C-alpha cells in the first residue's frame, strides 16, 4: 500500500467533528456541519454528521445533553476526556507528519535557489503557489476518495507519483536520496 494517511480515511469526519467541538465548544450537529463547511469548503451530510456523532458517543469520545433551542429539542455535543486525548494525539501526529513534509519540501526547494532574475523568481513563485493550491485540492480529494474507493484511489495516486518521477528522470533531475521516493522504484 503506497498511501498511509495520518488519519485513517474512515475517521476523517470524526476528527473534524472532535476538532470543531474542542475549538468552538459544545455544539449541535448542524452548527458542526456549518463550521466544517466554512473551514474546509466541504459540507458533510447531516446523516453522516449524526452517524459519526452517535458512533463517537458510543465510543465515549463525546457526550450530549438535550436543550431547547429555537423552540426545538437539540442534542448539544461536548468532547470527553477520552475524546480530548484522541484529538490531541491526532493533532500531534498530524504536526509530526506535516513538519516532515515541509522539511522535505524546503530541502527540495533549495535546488531552485539559483534563479537568475527577479522576473524568473516571481514567475517561479507564482507557479509554486498555484501548484501548492492544486496539491491542497488533490490531497483533500484523495482523502475523500480513499474512504469511498480506497484501492482505486491508491492506484491512481501511485501512478501519478510514478509519472512525476519518470518526468524528473527524463529531465535529468536528481531527486533527493532521503527515502521519500523509495516506494516508487521504476523497473
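Applying 1/(1 + (r/R0)^6) with r as the Cβ-Cβ distance of residue 132 and residue 45 and R0 = 30 angstrom yields a FRET efficiency of 0.55. Exposure proxy shown here: for 49, 157, the number of other Cβ atoms within 10 Å sets the order, fewest to most, as 157, 49.
Kirkwood Rh, region 13-53, all Cα pairs: how many Å? The partial results should precede the final answer.
Working: mean 1/r = 0.1022 Å⁻¹.
Averaging 1/r across every pair of different Cα atoms and inverting gives 9.8 Å.
The order of 98, 56, going from fewest to most other C-beta atoms within 10 Å of their C-beta, is 98, 56.
Taking each residue as 0.36 nm, the span from residue 55 to residue 85 lengthens on full extension beyond its C-alpha to C-alpha distance by 9.1 nm.
Bear in mind that the values in this text are calculations on the coordinates, not laboratory data. In this text, all values refer to a predicted model and were calculated from it rather than measured experimentally. Note that we place each Cβ from the backbone using ideal geometry, even for glycine, and neighbour counts take in every protein chain shown.
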